[in-house]
Every structure is written in C-alpha cells, then in structure tokens.
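Take a look at the structure below.
Read-outs throughout are calculated quantities, based only on the coordinates presented, and are distinct from any laboratory measurement. This one's a predicted model, so the numbers in the text were calculated from it and none came from an experiment. All Cβ positions, glycine included, derive from the backbone under ideal geometry; neighbour counts span all protein chains shown.
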C-alpha cells in the first residue's frame, strides 16, 4: 500500500485524515522530517486544488495539480514520489 491509497482509505470518525497529523518514519519508527514536510506540502496543495475522492491513482492527483497550479515539473515529480 502506498501513501496515496492510505490517505484515501483512512478515516477518523468518518472524516478524512488530517494531513497535519501524518508523519513518515523509517523502518525503526524514527520520523523522517524532510519526507514528512514534503508530504505535508503536497497534501496542502491537494486540499486546495484536488478532489481526492474523485481520483483513482496518485498520477490522477499529479495530473490535476499540473492542470490547476503553476507548480514546476520537478516539484510535481517529488510529489509523485512521496505519494507512490
């Protein structure tokens, strides 16, 4: 399961997961701050520009962000990596 599918599946009290509470960790449970910050940035853009329930894949999200934002391709590539 990748990050994208986890975000679509996880709900708390029938509400979508609050991305400000998501932390990416390594195998030992130690937080990875750079990846967590990248994911938080990505999810904040998704909250603003993408209807997550209407997407089927992380690529759909990236396609929507490409169409609706002026984000450069290298940023979108990093978002794709963190969601997959």
Among 23, 3, which comes first, second and so on when ranked by fewest other beta-carbon atoms within 10 Å? 23, 3
At 222 nm, what helix-only mean residue ellipticity would the chain give, in deg cm²/dmol to the nearest 500, using -39500 (n - 2.57) for each DSSP H run of four or more? -17000 deg cm²/dmol
If contacts are Cα pairs under 8 angstrom and at least 6 residues apart, what is the relative contact order of the chain in percent? 31
Provide 14, 5 in ascending order of the number of other Cβ atoms located within 10 Å of each residue's Cβ, fewest first. 14, 5
Neighbour-count ranking [beta-carbon atoms within 10 angstrom, fewest first] of 52, 7: 52, 7
Using label points projected 7 Å from each Cα along Cα→Cβ, tell me how many nm separate residue 71 and residue 34, to one decimal. 1.9
